[in-house]
Structures are given as structure tokens and as C-alpha cells.
Amino acid sequence: MRCAITRGCGKVDAEVPRGDLPFFAELFIALGSEADAEGPEELRAEIRRRLAERLERYWE
């Protein structure tokens with residue numbers, strides 16, 4: 001699967017195994033709000049899932 005992550009003027013565009021999605025989702029989250037995961041949709045969905053899980057934990 002091809003992953004593309006952009007932050008400021010830097011960009012990561014690489015082939016990665018689907019099994020590495022959790023690692024790349026956490027990497028993207030760690031990069032902060034200036035980073036943008038361009039794709040694939042599976043990566044974006046994993047990022048949303050993990051952020052929703054964290055929000056739920058701290059919402060109350």
C-alpha cells in the first residue's frame with residue numbers, strides 16, 4: 001500500500017505493508033496538526049479511529 005504524509009515542506013511517500021498501518025497512524029498523530037495524511041483511506045480511517053478512542057477516554 002502506498003502512504004503519503006505531508007508536514008510543512010517535507011513529504012513521505014512510500015510503499016508500506018498493510019500490517020504497518022498502526023505504526024504509521026501513530027507516527028502521523030505524533031507529527032501533530034501541521035501534518036496531513038493524504039492517503040490511503042485505510043490510513044486516514046485508522047487515524048480517525050485512534051483519535052476518537054483518545055477523545056472518548058478524556059471526554060468526561
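Each value in this text was obtained by applying a stated rule to the coordinates, not by laboratory testing. This structure is a prediction, so every number in the text was calculated from the model and none was measured. Because the Cβ atoms are built from the backbone with ideal geometry, glycine has one as well, and the counts that use them run over all protein chains shown.
Key figures
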| item | result |
| --- | --- |
| Net charge over other residues, Cβ less than 10 angstrom from the Cβ of A25 (K, R count +1; D, E count -1) | 0 |
| Under Karplus coefficients 6.51, -1.76 and 1.60, residue-wise ³J(HN,Hα) of segment 19-33 in Hz, glycine/proline x | x, 8, 3, x, 4, 5, 5, 5, 4, 4, 4, 5, 5, x, 6 |
| C-alpha long axis of helix 41-59 to longest principal axis of the chain, angle in ° | 20 |
| Within the chain, helix-based [θ] at 222 nm, where runs of 4 or more DSSP H residues each add -39,500 (n - 2.57), nearest 500 | -16500 deg cm²/dmol |
| The chain - charge dipole about Cα centre, Lys and Arg +1 at Cβ, Asp and Glu -1, debye rounded to 20 | 40 |
| Calculated FRET efficiency for the pair D20/Y58, C-beta based, R₀ 22 Å, to 0.05 | 0.25 |
